[in-house]
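A quick write-up on the structure given underneath.
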Amino acid sequence: MLTKQFDPLKKKQLQILDENGNIVAKDLEPNLSKDQLLKMYKTMVLGRVADTKAVQFQRQGRMLTFVINKGQEAAQVGSAAAIEEQDWVVPAFREFSTLLYRGAPLYNLYLYWYGNEWGSHFPEGVKILPVNITIGAQFNHATGVALASKFQKKNEVVLTFIGDGGTSEGEFHEGINFASVFDAPVVFIIQNNHYAISVPRQKQTKSITLAQKAIAYGIPGIQVDGNDVLAMYVATKEAVDRARRGEGPTLIEAYTYRLGAHTTSDDPTLYREDKEVDEWIKKDPLIRFKKYLIEKGYWSEEEDQKLYEEYNDYVNDVFKQVEATGFYQLEDVFKYQYAEMPQHLVEQYEAYKHYLEEVK
Amino acid sequence: MALMTILQAINHTLDQQMEKDSTVVVYGEDVGVEGGVFRATAGLQKKYGVERCFDAPVSEAGIVGTAVGMAINGLKPVVEIQFSGFMFPAYNQIAAHVARMRVRSRGKYHLPLVIRMPYGGGIRALEHHSESQETLFAHIPGLKVVIPSTPYDAKGLLTAAIKDPDPVIFMEPKRIYRAFKQEVPEEEYIVPIGKAKVVKEGTDITVVAWGAMVREVQKAMQELEQEGISVELIDLRTIKPIDKDTILESVQKTGRFLVVHEAVTSFGPGAELVSLVTQGAFLSLEAPPTRLGAFDVTVPLDKGEHHYLIDSKRIAYEVRKLIKY
């Protein structure tokens, strides 16, 4: 069991693919098909391109506040690749590439950050809950989804996420505890990107690792190199298999780094040094994964360049589509508050329509 | 005197009170090193050290709960909740403990603490960043709720809040944090909690507003004045306790009443004010006392928020209806 082999209390961290693209734990290398590996890589590239473009769109005044994911693609995709068709994702708000991998259309993801709730209305069959802005609440939701699956024998596993700062919220603890008591089939992933807005990880908790928090709940925990997509896959897969066997939840700490700002409203120069960022740029999850794929003969620099160009155009097109169609219908303001609009809302809606007609 | 925005006035007031009173401590998420996401606490950690201004873990219940303990044991915490939409984990502490410590201990313990939080819409923000929850606090016995709309009042009210022996919820209209500057005296002064301000005298209708809505009413008044409608504008400033006398005196003079707020309408602060006016100025009324609040819906994201926000046009429209009534 990896969680035994990589004991967080002994500061062990699971890594399979190092920052230079070398396999450092041959026996743990997952046996993934070329197709799956390329799907993972391409999703990470799409995530990176869409993320970078979103920041540009925001700077041009075309996009609203955007949560930046750059540098965390391996943690997001390695985990997502380890669950099955029937499984759920319960996100926090920095899982852009997870959502892409699990079938959320880029159009939706952009539409949400563009300021339209329809972005959270995913197509049929995409089992992803809306992005959660209020830190920590999603852990209890994930546990609830997992328990419902268990009680109804649905064979679904739930993958949920939080940040390093989120581990300080009560609901982080409540969610894991609740899940552990009932052996809920849920995998809790902490994307430790080292900053909660401006506050560094070491000021968030005295724990040496975040993974060790699992021990207090009597569940397995493991710290993983979050920039190593293979390690993230393997650790998550083990946790997912355990959950599916009815053996309960696992806590995974993805040790990663936010290369960009917290959001487009944030200025990281206020709280961290450029040289720290430079160190982490060397550990970029895309660089090492690309090397691995090229080494395996699955990919080439030419194909890579073409992919970036293709995604650049694709992302531009999707965003233009969002701009062309992302407006609000007036009824959207009122229609979805309840199954049926109660009288007081009908009256407010009618009075407002009347007002709009009169002031025209 | 110096020209300041609301945000600068808050920063200046925190600085002044920390300087004058060594028991004042300031903390919250990103409040220390960064000086807060809006920079309301910028420079305070540098000046007063990490034991008087610090970054809290991401834990709203922890922030408010520890403030209760600190207030009991000799400090005056002025804590920040980053956005009012994030206060719900702390609501248990606020409703069950902050509001009740004095009454439960029959005065043995009291809580001289301030909970600051930016609130309100109109900044094209993410989910949970635009709500106006003053009612959720005002409804709890034991809390005072204050909302400034100008830099001058921000300083005077925050100073009063910090000096108050009881807990004060200090809600800051973030939409107008940096909207305009005003002369703010350097020396300490107080704007009393529980006292509304007649911003402009008028004869035809009383309009009560607070926070960012005060400026919207003022815009509406420019339009209305040209039509010969004279509005008396009252900035409520304290949501609880309400300054009943100022409002009733005004309505007895004008005979008409409109309250305008960003919060959703049903069970909102407007209901309280309309009730107060109905009972206290019934015989003076020439039109039904009326509230203009937001629709009873979750604040829409940006692309729909313009429908939700109350603007000067809707205020003017509502005033005209009451004048014609």
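Odds and ends about this structure:
- Condition check for A:Y298: among the aromatic types (F, W, Y), more than 10 Å from chain B (Cβ to nearest Cβ) and either in a helix (DSSP H, G or I) or closer than 22 Å to A:L106 by Cβ (or both): no
- Residue within region B:297-309 that is more than 18 Å from B:Y119 (Cβ to Cβ) and either aliphatic (A, V, I, L, M) or not assigned by TED's automatic domain parsing to the domain that holds B:I229 (or both) present: no
- Restricting B:G32, B:G36 to those that are surrounded by 22 or more Cβ atoms within 10 Å (Cβ to Cβ), at positive phi and within 14 Å of chain A (Cβ to nearest Cβ) reduces the list to B:G36.
- Number of positions in region B:269-324 that are within 14 Å of another protein chain (Cβ to nearest Cβ) and not aromatic (F, W, Y): 32
- Applying the criterion of being part of a strand (DSSP E or B) and more than 14 Å from chain B (Cβ to nearest Cβ) to the residues of region A:150-169, the residue that is farthest from A:E84 (Cα to Cα) is A:F161.
- Scanning region B:91-110 for residues that are out of contact with any helix residue (DSSP H, G or I) (no Cβ under 8 Å at 6 or more places or on another chain), closer than 13 Å to B:A71 by Cβ and part of a helix (DSSP H, G or I) returns a single hit, B:R102.
- Taking the criterion of being aliphatic (A, V, I, L, M) and either over 25 Å from B:Y109 (Cβ atoms) or surrounded by fewer than 21 Cβ atoms within 10 Å (Cβ to Cβ) (or both), the residues of region B:39-67 that qualify are B:A40, B:A42, B:L44, B:V50, B:V58, B:A61.
- Residue selected from region A:42-65 under the condition under 15 Å from the mean Cα position of the chain (by Cα) and either aromatic (F, W, Y) or under 19 Å from A:Q321 (Cβ atoms) (or both), by the criterion nearest to the other protein chains (Cβ to nearest Cβ): A:D51
- Residue in region A:192-201 that is touching a Phe, Trp or Tyr at 6+ places or on another chain (Cβ under 6 Å), within 14 Å of chain B (Cβ to nearest Cβ) and part of a strand (DSSP E or B) present: yes
Each row is one residue, and each column tells you yes or no for (1) β-branched (V, I, T); (2) assigned by TED's automatic domain parsing to the domain that holds A:D228; (3) closer than 26 Å to A:A231 by Cα; (4) at pLDDT below 95.
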position	(1), (2), (3), (4)
A:R288	no, yes, yes, no
A:K291	no, yes, yes, no
A:I294	yes, yes, yes, no
A:S300	no, yes, yes, no
A:L307	no, yes, yes, no
A:Q321	no, yes, no, no
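- Of all the listed residues (B:V217, B:V207, B:V191, B:V199), the sole one being touching a helix residue (DSSP H, G or I) at 6+ places or on another chain (Cβ under 6 Å), crowded, with 18+ Cβ neighbours inside 10 Å, at pLDDT 95 or above and in a strand (DSSP E or B) is B:V207.
- You will find that of B:L248, B:L136, B:L158, the residue that is part of a helix (DSSP H, G or I), farther than 26 Å from B:S266 by Cα and among the aliphatic types (A, V, I, L, M) is B:L158 and no other.
- Any hit, region A:268-279, residues being away from chain B (no Cβ under 14 Å) and of a type in the set (A, V, I, L, M): yes
- Residues (at the interface with another protein chain (Cβ under 7 Å from one of its Cβ atoms) and among the β-branched types (V, I, T)) located in region A:309-355: A:V333
The values are calculated or read from the model by the stated rules, or taken from the named source; none is laboratory data. Treat the numbers as computed from the prediction; the structure is a model and nothing was measured. Cβ sites come from the backbone with ideal geometry, for glycine too, and all protein chains shown count toward neighbours.
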